[in-house]
Each structure stands twice: as C-alpha cells, then as structure tokens.
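For reference, the structure discussed in these notes is given below.
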Amino acid sequence: MRDHDRDVNDNALRLPRPRIVGGLAGLAAGLAALAASELLAGILAGAPSLILSVGRLVIDLQPPGAKEIAVSLFGTNDKLALEVAVVIVALAAAAALGAVATRWFVAAASGFAAFAVLGFVAAVQDPSNSTTLAGISATVSAAVGIQALSWLVGPTRAFGPTRTPGSTRRAGMPEWSRRGFLLRSGGLAAASVALGVGGRTLLEQQRADAAAVAVDLPVADVKAMLPAGAELGVDGVTPIVVPNAAFYRIDTALLIPRVNLHSWRLRVHGMVEHEVSLDFDELTALPAIEQFVTIACVSNEVGGRLVGNAKWSGVRLRDVLALAGVLPGATQLVGRSVDGWTAGMPTAWVMDPSREPMIAVAMNDEPLPGEHGFPARLIVPGLYGYVSATKWLEQLELTRLEAFNGYWIPLGWAKEAPILTQSRIDVPRNGASVSPGRVALAGVAWAPDRGISRVEVAVDGDWREARLSSPISDATWVQWRLDWDATPGRYEIAVRATDGAGEVQTDRITAPAPDGARGHHTITLRVA
Ligand SMILES: Nc1nc2c(c(=O)[nH]1)N[C@H]1C(S)=C(S)[C@@H](COP(=O)(O)O)O[C@H]1N2
Ligand SMILES: [Mo]
C-alpha cells in the first residue's frame, strides 16, 4: 500500500475530471441505494422492492389507447425489460446527481432523497406493501445512497481532516488517489450488485414459499380422464396436457402476489341476496370437480404459444354464486385478485349450463403454482384469460355490464372476448429443411368451448384434411397430423381449423388487439 502523502500527490496529478469522478461515484451510490431496498425486501416480509414498485407504477400508468405497449407488457420477458429500464433510468439519474455532488453536495443528496420519495409513493400504491416498511425502505435506501456518495465525493472528503498543507486539490474533489477512488467505488458497486441480487433472490423465494404450503386438494367424484388416442405421438408436437412448469404465464404482477392461506378469504358481494365470505377450507368443502380446459391469451399472435391445456381441479363457480344468490339484473361477474387486478364477464356466459366455469385450486394434480394463481383462480371455458381467468382470486363481484370495466378494457381491449378458433403448426419448424419422402406435418388446434370438428392443411394452396386426436372435450384443444409425401422444392404450408359449429377459421388477418389475432398460421419449408 502507498502511504497517505503519495496518495494525495497522486490525486493531484492524475485524478480524472470531477464530473466523471462524480458520475462514477453517483453510479456506485445509486447501486448501493437500490441494493439496500432489495436487501430489506428480501429479509423483511412486507418490505417493498423500490425497483418493482416503480415498475408497477409504470404498468399502472400506461396511457389508455397505448395498445401496442399493452400487448407487449402482457409478456413475461417484457417484465424483465421493464425492470431493467427502471434500473437504468435510476442509475443514470444517480450518475447525474453524482456529477452535481462534487460541486453542490446538498443538491445531489436532495436528489437521492427525492428518488426515495418517488419509490415510497410508488410502493404504497400496492396495498400489500406495509406503509411503515415502505417508509423504512425508502429512508434506508436514501440514507445508504447519500452516505455512499458522501464517502466517495462528499464534503467530508473535500474538507476532511487529513488535508495536507500545500495540497493542490480543489474544494469538492475527493482526496482518494485515482486508484483508491476506483477501488472504492468499484468495490461498493460490486458489493451492492451482490447484495441486491441476493436480496431479490430471497424476495422471490419468500413468494415461492408462500405458494408451496401443503394444501388439502379436493378429490372429485368424477375424474377427468384422457380418452384413448388423445395424443397422436408426433415428436415435437405440444403435449395435450402441458406440464405446469412449461405452461405459459401472463399477468401484470412483477412479483407473485403473496397470499397467506390462513387469512385468505373469497368474498362474494355486489348484486347478491347476501354477501358470502369463504375461507379456503370452506371453499374446498364444496363438491369437488375436475376438468381439462384450454386457456388462451388474447395477445397471442397467430402461431404463438400463449395458449395451454391443463387439468384443473376445484369447485363449481355456480355453486359459490348460488350461496350468495345472484340478483336479477346482475349482468356482469367481476373477479378481483389480491393485487387489485380485475376481469369482468357476462353473468349469462357463466350461467350457461353447456359449460362449467370453476374456481380452480389445483393444476395438473398439484396445488395451483404461485405464478398460476395460488391459492385459487377462475377458469371459464371459452373466454380469453383477460376477461375471465383471475388468478390470486379474492373477490367475486356481481354488477351490471355497464357499471364496471375490468383492467384491460380501458386500454383498448374488447369488453367481451370469446376465444377465437385457431390452429398452429408445431412441426416442422418454420424455415426448416426436410428430406424428401414422408413428412409428418403436425400441431394443435383449439376453439374452446365450441370444440374442433376438422383441421385442414394447405401445401402450396391445396387444402387436405388432417387427422385429429380424440378430443377430451369441446373445452380443450386437439392435436392434428397430416402425412405428406414431400418432393424437392420450396413450400408454403398453412393450417386452418373448423369449430364444432362448422365455422371455418378465417384467413382475414387481424392484430391481437382488440379481441384476438385472426389468420392462418403459415410456414415455409424446404425439401431437399
Ligand atoms: N390476477 C391476475 N390474473 C390474471 C391476469 C393478471 O394480470 N392478473 N392475467 C390474465 C391473463 S391476460 C391471462 S391470458 C391468464 C393467463 O393465465 P396463466 O398465467 O396461468 O397462463 O391469466 C389471467 N389472470
Ligand atoms: Mo392474456
């Protein structure tokens, strides 16, 4: 190690420009501030992650009509992108404040405090965050950031007691050597990233644990069974029953909502004869049912994978509604989640005896996974998820259709949205090259809950009928297969399904918004 005087000399000679020094210090201090909140959130149940809170605020403030943003925010990867954007903006601001700090420390410190206030305000929008803990988190985060900034470039550095007579340092400049400064800020940044990532890991673990508690699953009298021939056995085709770990996930939750099974209740209210509130045991004491249902996301593109089929177990939604007594005129049923998300559907759709809407507490014979709505969710055959499939369900409200709009409706999505007839080619992959001879073209087709009566495949415009797997029910998808004698060349392969009512899937292409994507999934193949 160098002695202190060498350090100071070094500093005078080689210290980078104060604005760069300040920027780097601000960056490190910003990382420390963010890490403090992540760590607290990981350790203290109920303490918010300020990053997630601000991300949540961004999602909630989506300007109505920004359909494309809304589409992209449905996706899971886009959530990560949103978080990364929040962190980048926060760090850029911290770097800018750091550059200010070398000349006007109080202003920079106030900037850090202002960011903490923003984080606090964002955090208390979410009712599941404790206001006290949000306050503590914001305060600690600001204090850590300001302390780190002061340690690296603050007034105590510039005017510290170790100032040597004759030093050429300017006021406001750190007294570390360049190497010392870079080591300290780099070390702080690295430690912050490590602690922050550790904190986030703990936080996600907390949420996963909450959903992994032992649950007594209802046992249905009538078992849902797969018919013989439910699976065509073509390599690479989506399985008829999608395993939980592979099932698509779509929601606005940046972090799986925490639900304590022991205090959780389902409240049925609004236009009912009498309000009903059931705890988990009371809910699952109702007659148990299970059924396979294919659910789909309205933002699924033609050929997309935001659709899946699972065995759902739970109770009949109509049994629960009957306990409360739905009043005439209650034309809409709204499912509300513990984090305030809502989906509304026509009561008539729910009451139609041709289908069996349910409150599911199990998915493929396992308790509902945290990301799929633990402890209870709605599954309503035939409707897109955004107007029906409320996860982390907490309330059922009976109202009139005109009286309330669910979460996505003001953002430009259709109020009523039955799942459109769609089909997808799974094998071969688009753009693949295959050998001449017999080629299995195969995929899935769905039209819940009208069922699929026929799937046709066009090879260069010539439609041929595919073979179908035995359908489980009208509420589920089927696999299809066409064996094709391929001769060398380039081909365009398209698929279309016909629903149970005889209606052929349209080739008229539409975007997912406002009520689902239309058009035929089409791929190109090379046979050589
Ligand atoms: N609480 C809550 N439930 C929700 C959503 C949500 O954002 N929050 N998204 C819905 C949408 S848009 C779809 S497509 C389905 C997806 O269910 P999955 O994630 O289990 O596949 O959940 C629905 N339920
Ligand atoms: Mo969705």
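The values are calculated or read from the model by the stated rules, or taken from the named source; none is laboratory data. This is a predicted model, so every value here is computed, not measured. Positions of Cβ are generated from backbone atoms using ideal geometry, with glycine treated the same way; all protein chains shown enter the neighbour counts.
List the number of the failed condition for Gly412; all other conditions in (1) at pLDDT 95 or above; (2) touching a Lys or Arg at 6+ places or on another chain (Cβ under 9 Å); (3) more than 13 Å from ligand 1 (Cβ to nearest atom) hold.
Of (1) at pLDDT 95 or above; (2) touching a Lys or Arg at 6+ places or on another chain (Cβ under 9 Å); (3) more than 13 Å from ligand 1 (Cβ to nearest atom), only one is false for Gly412: (1).
Can you give me the number of residues within region 400-428 that are in contact with a helix residue (DSSP H, G or I) (Cβ under 9 Å, 6 or more places away or on another chain), crowded, with 19+ Cβ neighbours inside 10 Å and over 14 Å from Val298 (Cα atoms)?
1
Given the structure, is Val444 β-branched (Val, Ile, Thr), over 22 Å from the mean Cα position of the chain (by Cα) and assigned to a strand (DSSP E or B)?
Yes; evaluated as a whole, the condition is true for this residue.
Just checking, does region 348-369 include any residue being farther than 22 Å from Glu282 by Cβ, part of a loop (DSSP other than H, G, I, E, B) and within 16 Å of ligand 2 (Cβ to nearest atom)?
No, every residue in region 348-369 fails to be farther than 22 Å from Glu282 by Cβ, part of a loop (DSSP other than H, G, I, E, B) and within 16 Å of ligand 2 (Cβ to nearest atom).
Could you figure out which of (1) within 16 Å of ligand 1 (Cβ to nearest atom); (2) assigned to a loop (DSSP other than H, G, I, E, B); (3) hydrophobic (A, V, I, L, M, F, W, C); (4) under 21 Å from Arg424 (Cα atoms) isn't true of Val293?
Single failed check for Val293: (2).
Of the residues in region 489-528, how many are acidic (Asp, Glu) and not in a strand (DSSP E or B)?
Count: 3.
Scan region 383-399 and tell me whether some residue there is crowded, with 20+ Cβ neighbours inside 10 Å, in a strand (DSSP E or B) and within 13 Å of ligand 2 (Cβ to nearest atom).
So far as region 383-399 goes, yes, one or more of its residues are crowded, with 20+ Cβ neighbours inside 10 Å, in a strand (DSSP E or B) and within 13 Å of ligand 2 (Cβ to nearest atom).
Right, Ser263: surrounded by fewer than 15 Cβ atoms within 10 Å (Cβ to Cβ) and either within 13 Å of ligand 2 (Cβ to nearest atom) or modelled with pLDDT under 95 (or both) or not?
yes
Just to be sure I understand, how many residues within region 231-248 are closer than 13 Å to Ala310 by Cα and either within 16 Å of ligand 2 (Cβ to nearest atom) or in a loop (DSSP other than H, G, I, E, B) (or both)?
First, pick out the residues of region 231-248 that are closer than 13 Å to Ala310 by Cα: 238-248.
Subsequent filtering for residues that are either within 16 Å of ligand 2 (Cβ to nearest atom) or in a loop (DSSP other than H, G, I, E, B) (or both) retains 238-243, 247-248.
Total satisfying the criteria: 8.
Please list, ordered by first then second residue, the pairs with beta carbon atoms under 6 Å, 6 or more apart or interchain, first in region 196-215 and of a type in the set (A, V, I, L, M, F, W, C) and surrounded by 14 or more Cβ atoms within 10 Å (Cβ to Cβ), second modelled with pLDDT of 80 or more and not in a helix (DSSP H, G or I).
Ala210/Arg258; Ala211/Phe374; Val215/Pro367
Can you find a residue in region 346-356 that is under 22 Å from Ile250 (Cβ atoms) and within 13 Å of ligand 1 (Cβ to nearest atom)?
No; the residues of region 346-356 include none that is under 22 Å from Ile250 (Cβ atoms) and within 13 Å of ligand 1 (Cβ to nearest atom).
Mind checking which pairs have a first residue in region 290-301 that is within 16 Å of Tyr386 (Cα to Cα) and in contact (Cβ under 8 Å) with a residue 60 or more places away in the chain and a second that is more than 7 Å from ligand 1 (Cβ to nearest atom) and among the aromatic types (Phe, Trp, Tyr), Cβ under 7 Å, 6 or more apart or different chains?
Hits for this filter: Val293/Trp312; Thr294/Trp446; Thr294/Trp477; Ala296/Trp446; Val298/Trp413.
Sort through Leu255, Leu202, Leu217 and tell me the only one that's within 16 Å of ligand 1 (Cβ to nearest atom) and at pLDDT below 95.
Within the list Leu255, Leu202, Leu217, the selection yields Leu255.
Of the residues in region 96-143, how many are within 22 Å of Arg56 (Cβ to Cβ) and assigned to a helix (DSSP H, G or I)? Steps first, answer last, please.
Within region 96-143, the subset within 22 Å of Arg56 (Cβ to Cβ) is 112-142.
Subsequent filtering for residues that are assigned to a helix (DSSP H, G or I) retains 112-124, 131-142.
Result for region 96-143: 25.
Restricting attention to region 239-276, which residues are under 22 Å from Ser388 (Cβ atoms) and of a type in the set (S, T, N, Q)?
Across region 239-276, the qualifying residues are Asn244, Thr252.
Among the residues of region 285-300 satisfying the criterion of being under 27 Å from the mean Cα position of the chain (by Cα) and under 11 Å from Ala360 (Cβ atoms), which is nearest to ligand 2 (Cβ to nearest atom)?
Filtering region 285-300 for residues that are under 27 Å from the mean Cα position of the chain (by Cα) and under 11 Å from Ala360 (Cβ atoms), the one nearest to ligand 2 (Cβ to nearest atom) comes out as Ile295.
This table checks each residue for (1) under 17 Å from Ser337 (Cα atoms); (2) of a type in the set (D, E, K, R).
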| residue | (1), (2) |
| --- | --- |
| Asp221 | no, yes |
| Met225 | no, no |
| Val241 | no, no |
| Arg249 | yes, yes |
| Thr252 | yes, no |
| Ser263 | yes, no |
| Leu266 | yes, no |
